[in-house]
Amino acid sequence: MGEIKVSPDYNWFRSTVPLKKIIVDDDDSKIWSLYDAGPRSIRCPLIFLPPVSGTADVFFQQILALTGWGFRVIALQYPVYWDHLEFCDGFRKLLDHLQLDKVHLFGASLGGFLAQKFAEYTHKSPRVHSLILCNAFSDTSIFNQTWTANSFWLMPSFMLKKIVLGNFSSGPVDPMMADAIDFMVDRLESLGQSELASRLTLNCQNSYVEPHKIRDIPVTIMDVFDQSALSTEAKEEMYKLYPNARRAHLKTGGNFPYLCRSAEVNLYVQIHLLQFHGTKYAAIDPSMVSAEELEVQKGSLGISQEQQ
């Protein structure tokens with residue numbers, strides 16, 4: 001039990017990457033927690049947004065691998081926000097505070113929905129350069145809980161945790177997936193009542209993504225073929241919404257592939273970000289990209305632009 005928490009990688013991560021706390025709202029109880037790793041000279045980093053049960057450190061394997069390859073990566077943990085507009089406004093202020101004009105977003109489950117909502121919210125003055133949506137959804141009504149969304153704030157912590165745990169895999173899983181679930185349960189235990197209630201409210205509050213506002217953003221949809229909290233209908237809806245999106249399929253990985261299938265997830269993230277090498281929106285230090293790789297990339301970019 002708890003293999004990830006005592007792993008050398010996790011302990012190395014916790015001892016080398018500091019957790020920062022930032023307040024950008026007038027209400028100083030709204031604290032963003034984040035890990036910011038990799039070259040500070042990069043002005044368009046990749047930002048990770050966690051699921052309902054997650055904290056910023058659930059992406060530690062992505063941070064370790066991607067920064068090793070020269071990328072700048074930021075993993076976030078949300079303050080308590082009760083509606084999507086409030087979240088988007090707070091996130092925009094955070095980007096202003098970090099002096100980041102545009103960013104790439106990787107969102108897992110709720111994080112994926114919020115990433116889409118933020119791209120939609122800023123579509124007139126774009127702040128999102130690309131999206132990686134992992135086990136994400138585009139319409140909260142799939143959870144059939146829009147009617148209870150306004151009462152989560154009243155529920156005690158144990159009840160909220162029970163609701164979240166109900167979406168975790170309960171059948172037989174391989175050891176790596178079991179470790180990932182243990183780790184996420186541990187992270188869930190660290191969240192307070194208001195944090196959990198607000199995230200569940202954002203997850204279930206009646207809302208959907210308006211695709212016409214974000215159709216020009218490059219998207220990679222990452223999903224798993226085995227059991228996850230998302231229905232097949234929800235996945236199909238995502239494909240319909242983004243017909244030109246790249247698809248990154250993982251045979252297995254459950255709800256938390258970034259923990260139990262990190263090598264595959266990291267590779268797909270790298271492939272997604274490759275298309276921006278050599279541009280001002282690259283998330284990687286230029287010195288880490290070989291000249292040959294850049295030429296190939298420029299060539300393929302030229303071809304794709306001609307096709308469009």
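The values are calculated or read from the model by the stated rules, or taken from the named source; none is laboratory data. Worth saying up front: this structure is predicted, and the values here are computed from it rather than measured. No Cβ is skipped: glycine too gets one built from the backbone with ideal geometry, and neighbour counts run over all protein chains shown. Only protein heavy atoms, including side chains, enter the accessible area calculation; ligands, DNA and RNA are left aside. Shrake-Rupley method; radii C 1.70, N 1.55, O 1.52, S 1.80 Å.
Which one of these is modelled with pLDDT of 90 or more, touching a Leu at 6+ places or on another chain (Cβ under 8 Å), assigned to a strand (DSSP E or B) and open to solvent by less than 30 Å² (accessible area, probe 1.4 Å): Met184, Met222?
After ruling out the rest, the residue left standing is Met222.
Anything in the stretch 151-181 that is of a type outside the set (D, E, K, R), closer than 19 Å to Lys5 by Cα and open to solvent by less than 50 Å² (accessible area, probe 1.4 Å)? List them, or say none.
Across the stretch 151-181, the qualifying residues are Phe168, Met177, Ala178, Ala180, Ile181.
Return the only residue of Ser151, Ser169, Ser157, Ser141 being out of contact with any His (no Cβ under 9 Å at 6 or more places or on another chain) and modelled with pLDDT of 90 or more.
Ser157
Taking the stretch 263-288 as the search range and keeping residues that are among the β-branched types (Val, Ile, Thr) and not in a helix (DSSP H, G or I), which one is most open to solvent (accessible area, probe 1.4 Å)?
Across the stretch 263-288, the extreme among qualifying residues is Thr279.
May I ask you to verify whether Arg92 is among the charged types (D, E, K, R) and crowded, with 22+ Cβ neighbours inside 10 Å?
no
If Asp101 meets every condition in (1) open to solvent by 10 Å² or more (accessible area, probe 1.4 Å); (2) within 26 Å of Leu274 (Cβ to Cβ); (3) in a helix (DSSP H, G or I) apart from one, which number is that one?
(3)
Restricting to the stretch 236-253, what's the tally of residues that are crowded, with 19+ Cβ neighbours inside 10 Å and either basic (Lys, Arg) or closer than 27 Å to Phe152 by Cβ (or both)?
2
Report yes if Gly111 is closer than 23 Å to Met176 by Cβ, open to solvent by less than 10 Å² (accessible area, probe 1.4 Å) and part of a loop (DSSP other than H, G, I, E, B), otherwise no.
Considered against the rule, which asks whether it is closer than 23 Å to Met176 by Cβ, open to solvent by less than 10 Å² (accessible area, probe 1.4 Å) and part of a loop (DSSP other than H, G, I, E, B), Gly111 comes out as no.
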